[in-house]
Structures are given as structure tokens and as C-alpha cells.
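Undergrad: Following this message is one structure expressed as C-alpha cells.
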Amino acid sequence: MNQQEFSDSSIVAMQKLHRWRMAFFGLVILLAGIVIGATLTLLLTHRIDRPRIPPPPEFAAEQMVGRLGRQLNLSDKQMEQLEPILRKHMQKLHDIRMEARPHITEQLRLMNEEISSVLNEDQRQLWQRHLQRLQADLRQRPRRRRAGSEPRPSGGPPRPGRERFRPPPPGIPNEPPPLEPEQF
């Protein structure tokens, strides 16, 4: 009987140990989920609140060369020829953007002052909130989508010329589709 009591007490002890072990691992899984969720939330909200800063012209040119190389089936020689062209024009576009930024900021400030001068205090507060939302929307990175992947707001097909270029399969001539009269 002594052996029986020892066997029963060891089973009870093992069951208690198993319950504690299960509770411990459950707590570890819960804490891991909390940490992962909090980290993802911080990363995503940080990305949304961050103002959109265009990439440097060199980086944008490299991205565009790679994208065009894939989409147009460019040879290495063609890609080498395109890179300096794209770098030059991306730099010019960057310069234009930097030159225009202060003018745009000044015009927005003047517009705000003029609109605010016409409004009463309650309307002015509503206008300021509206303006802050508008500025936040403008700072967010625009979301890109693939042409034809979503219907347009009108529900129709994508506008002509917006279809994504895909090289034809081997054996099919690489000619552009004929233009229809309504595309002119």
C-alpha cells in the first residue's frame, strides 16, 4: 500500500507540474503576441505619419532602369545607355521639385490666411482641422496599385494607355496594339 500511495502522489505532482508548465507556456505565447503586435503597430504608424520624402535622383534612376529593363526586355547595352539619360532627367526633376517646394508652401500659407480672414471663430477652427487633415493626407506616401488590378471609381475599365506593358510571349511579334479612334 505504501507503494500505491507513493505512485498516486507522484501522479498528482506530475499533473500539477504539467498545469504549471502549460500556464507558463501560455503566458510566454501571450507576451510574444503582445510584443509582436506592439512592434508592428509602431512600425506601421511610424510609416504613415512620416512625411513623404522622394528618393534621391540616383536611386530613382536605378529603380526606373531596372523596371524598364524587365518590362521592355532591354539588353544590358540598352540599360547602360538609358541610365545616364534617366539620371540626368531625374536630377532635373528633383531640382524643379526642390525649387517649387518653398513657393507651394508660401502659397498654401497665404491661402490659409485669406480664408481664415473671411471665417468666424467657429468656422476658422473647423477650417484649421480640415487643413491639418489635408496636410496629413498630402504627406502620406501615395499608394501605388497595378493598372487594371482594381476597378476605377466609375466601375469601368482602366483608361486607355494605362494598361501595364508586358512583353509578348516568344513567337509573337512585339508590336503595339492599333489605336482606336477614341484613344486619340
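What follows is calculated from the coordinates using simple rules that are stated; it is not laboratory data. Everything quoted here is computed from the prediction, not taken from an experiment. No Cβ is skipped: glycine too gets one built from the backbone with ideal geometry, and neighbour counts run over all protein chains shown.
Undergrad: Averaging over every viewing direction, what projected area does the convex hull of the Cα atoms of the stretch 11-119 cover, in nm²?
TA: Values: hull surface 65.4 nm².
Seen from a random direction, the Cα hull of the stretch 11-119 projects 16.4 nm² on average.
Undergrad: Using the Karplus curve 6.51 cos²θ - 1.76 cosθ + 1.60 with θ = phi - 60°, work out ³J(HN,Hα) for each residue of the stretch 82-91 in order, rounded to whole Hz, and write x for Gly and Pro.
TA: Ordered by residue, 3J(HN,Hα) equals 6, 4, x, 5, 5, 4, 4, 6, 5, 5 Hz.
Undergrad: Find which of Met98, Val118, Thr45 sits farthest along the positive direction of the dipole of the stretch 12-119, computed with +1 on the beta-carbon of Lys and Arg, -1 on that of Asp and Glu, about the Cα centre.
TA: Final value for the positive-end residue is Thr45.
Undergrad: Related question: Would you kindly state how much longer the chain becomes between Lys16 and Gln107 on full extension, computed as 0.36 nm times their sequence separation minus their alpha carbon distance, in nm to one decimal?
TA: Residue separation times 0.36 nm, minus the Cα-Cα distance, leaves 25.5 nm.
Undergrad: Right, here's the next one. Once you have the Cα-Cα distance between Gln135 and Ile96, take 0.36 nm times their residue separation minus that, and quote the gain in nm to one decimal.
TA: Between Gln135 and Ile96, full extension yields 11.9 nm more.
Undergrad: When averaged across all projection directions, what area in nm² does the alpha-carbon convex hull of the stretch 72-127 cover?
TA: 6.4
Undergrad: Could I ask something else about it? Going Cα to Cα from Lys77, which lysines come in below 27 Å? Please leave out same-chain ones fewer than 8 positions away.
TA: Lys88, Lys92
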